[in-house]
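Below you'll find the structure, written out as structure tokens, and then a few comments.
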Amino acid sequence: MCMPMTGRRLTSLLAYITTAATGASLLTGCGVLPGATGGSREPVTVMTWAPDQTKATNMPGMPAMAQTYARWVNSRGGIGGHELRVLTCNEQNTVSGAAACARRAVRENAVAVVGSYSQNGRAFMAPLEAAGIPYIGGYGIAEDEFTSPLSYPVNGGVASLVAGHGMQLADSCEKVSLVRPDTTAGDKLPELLNSGLHRASHRSAVDIPALEDAAEYTVQAGRARFRAGHEKGCVTAVLGERTQTFFDSFRRLPEGENGKAGGSGGKGGDAVRISSVLGSVDQPVIDRTGGPHSPFEGAFVTGWYPEAGDKSWAPMRKVIQEHAFADNRVDPADAGVQTTWIAYTVLREVVESLDEDTVTAARISHALDRGERIDTGGLTPSLRWKYEDLLGAPGFTRIVNHEVTFQVVRQGRLVAQKPGFVDVGETVLSAP
């Protein structure tokens, strides 16, 4: 509402206009500057959280990408005329940390939580559901992301990755050893990997649980290599940030009857081949461990999105280059950064479609529920969360994007093993 002007305020305003350039109009409406889009529109406040500086998986690039995105979109007039305000929170990889971030989102009137990472789904979804706050484009690590009616995932989560990874390995591996976290979430991974292996009539993988925050994995590495055998054997590890630690222990194993310790990615006829999924192994990890000389050379990797060098990522790379201000947390090849970019793409399209002066959590979730279709520029299939779009797999009912990419490490770069996306929906559905 425009406030009435006192004589003193009116006099001051007239004096200011007098000093302005002739013909220039200071105000075009109630508090709207010339050229501004919807200056009377209220800001849109959202939150992005992720663990940082913990002993397990850390995702500092996700909040950093959210802040970069806000700087970029606000430099262009905001989202549909709304200033984007991004709150960030360190989830700390704990139940209490996740709950605290969610309560803060409620307290600070966030209309959505966007592009975040947490394994503690029950801890954060309950406060968000009570407040009606949608969870858009989470990383896909927590089961609640795929069951809550207020969650709108942009990928198929770890379920799609691991099921797809079984399909990727089935053609190249006689025996597979799976090293995975000894957690509730990790307990589901063998069934998912086996669902992919079984589609090619492959035998089940050997299940090797391990602590996800261990300092070394010599015992598990030795067992994994032995059980994989020396004839086209494969060892896959899905340990998040500790995957690098595992394969460091793996390559240090003494040579056994099967020759090489396995870090050669299949060089030599009797070497065990290694593999993983995006998030456990990605381009930044390969770069840190030697690039072309990395132990991951030749490794199979299943991802959600096109490889980092794909032209579809060009808009994101430009935004990072111009607005990240040399923040080395924002790596365009990082899976968390990529997921956050896609999640904010969803937010932007939904807010623009509303075309309202005030954006609320309820309006956002209603727009997504009624079937707002999101184009991510080729980074995913078009996204829509109507009932008929949901995969409906037990434990993963909210999956709408069940496509993955098969990649391989060649000369230190993650590149496509085969072009395009692979649909793993039926594979996920077939998992016990």
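For Glu108, the criteria (1) under 19 Å from Tyr69 (Cβ atoms); (2) surrounded by 24 or more Cβ atoms within 10 Å (Cβ to Cβ) hold in every case but one, which is (2).
One line per residue, one yes/no per condition, for (1) over 25 Å from Val330 (Cβ atoms); (2) among the small types (Gly, Ala, Ser); (3) assigned to a helix (DSSP H, G or I); (4) at pLDDT 95 or above:
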{"position": "Ala100", "(1), (2), (3), (4)": "no, yes, yes, yes"}
{"position": "Ala110", "(1), (2), (3), (4)": "no, yes, no, yes"}
{"position": "Glu129", "(1), (2), (3), (4)": "yes, no, yes, yes"}
{"position": "Ala159", "(1), (2), (3), (4)": "yes, yes, yes, no"}
{"position": "His165", "(1), (2), (3), (4)": "yes, no, yes, yes"}
{"position": "Leu197", "(1), (2), (3), (4)": "yes, no, yes, yes"}
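Applying a threshold of 7 Å to beta carbon distances and a minimum spacing of six or more residues, or different chains, the list of pairs starting in region 202-221 at a residue that is without any contact (Cβ under 8 Å) to a residue 24 or more places away in the chain and ending at one that is surrounded by 18 or more Cβ atoms within 10 Å (Cβ to Cβ) reads Ser204/Asn194; Ser204/Leu197. Only residues that are farther than 24 Å from Glu216 by Cα, more than 19 Å from the chain's Cα centre (by Cα) and open to solvent by less than 20 Å² (accessible area, probe 1.4 Å): list them for region 157-176, please. Listed by number, the residues that qualify are Gly166, Gln168, Leu169, Ala170, Cys173. Comparison of Ala271, Ala215, Ala237, Ala261 shows that the only residue that is modelled with pLDDT of 85 or more and open to solvent by less than 50 Å² (accessible area, probe 1.4 Å) is Ala237.
Against the conditions (1) crowded, with 17+ Cβ neighbours inside 10 Å; (2) under 26 Å from the mean Cα position of the chain (by Cα), Asp187 satisfies every one except (1).
Per the conditions (1) in a helix (DSSP H, G or I); (2) in contact with a helix residue (DSSP H, G or I) (Cβ under 9 Å, 6 or more places away or on another chain), the sole criterion not satisfied by Trp385 is (1).
Within region 187-203, not a single residue is closer than 17 Å to Val272 by Cα and among the hydrophobic types (A, V, I, L, M, F, W, C). Evaluated against (1) farther than 30 Å from Gln220 by Cβ; (2) in contact (Cβ under 8 Å) with a residue 40 or more places away in the chain; (3) over 19 Å from the mean Cα position of the chain (by Cα), Val179 falls short on exactly one condition, (1).
Would you confirm whether or not region 409-422 contains a residue that is within 19 Å of the chain's Cα centre (by Cα) and free of Cβ contacts under 8 Å to residues at least 12 places away in the same chain? Checking region 409-422: not a single residue is within 19 Å of the chain's Cα centre (by Cα) and free of Cβ contacts under 8 Å to residues at least 12 places away in the same chain. Of all the listed residues (Asp327, Asp287), the sole one being under 20 Å from the mean Cα position of the chain (by Cα) and not in a loop (DSSP other than H, G, I, E, B) is Asp287.
Scanning region 370-386 for residues that are closer than 28 Å to Arg107 by Cβ and modelled with pLDDT of 95 or more yields a single hit, Trp385. When residues of region 147-183 are filtered for being of a type in the set (Val, Ile, Thr) and closer than 24 Å to Leu390 by Cα, how many remain? The number of residues fulfilling the criteria is 4.
Looking only at residues in region 356-382 that are touching a helix residue (DSSP H, G or I) at 6+ places or on another chain (Cβ under 6 Å) and farther than 23 Å from Trp313 by Cα, which one is most open to solvent (accessible area, probe 1.4 Å)?
Initially, region 356-382 is screened for residues touching a helix residue (DSSP H, G or I) at 6+ places or on another chain (Cβ under 6 Å), giving 359, 363-364, 367, 372, 374, 376-379.
If we keep only those that are farther than 23 Å from Trp313 by Cα as well, we get 359, 363-364, 367.
Numbers: Val359: 14, Arg363: 94, Ile364: 0, Ala367: 0 Å².
In this case the residue turns out to be Arg363.
Which of the following residues is open to solvent by 40 Å² or more (accessible area, probe 1.4 Å) and at pLDDT below 95: Ser430, Ser353?
Working: Ser353 fails: at pLDDT below 95.
Unique residue meeting the criteria: Ser430.
Hey, any hits in region 71-81 for a residue that's assigned to a helix (DSSP H, G or I) and open to solvent by less than 30 Å² (accessible area, probe 1.4 Å)? Can you show your working first?
Residues of region 71-81 that are assigned to a helix (DSSP H, G or I), as a first pass: 71-75.
Now drop any that are not open to solvent by less than 30 Å² (accessible area, probe 1.4 Å), which leaves 73.
There is at least one residue in region 71-81 that is assigned to a helix (DSSP H, G or I) and open to solvent by less than 30 Å² (accessible area, probe 1.4 Å).
The values are calculated or read from the model by the stated rules, or taken from the named source; none is laboratory data. Everything numeric in this text was worked out from a predicted model, so none of it was measured. In this analysis, Cβ positions are derived from the backbone assuming ideal geometry, glycine residues included, and neighbour counts consider all displayed protein chains. These accessible areas exclude ligands, DNA and RNA; they are computed on the full protein's heavy atoms, side chains included. Shrake-Rupley method; radii C 1.70, N 1.55, O 1.52, S 1.80 Å.
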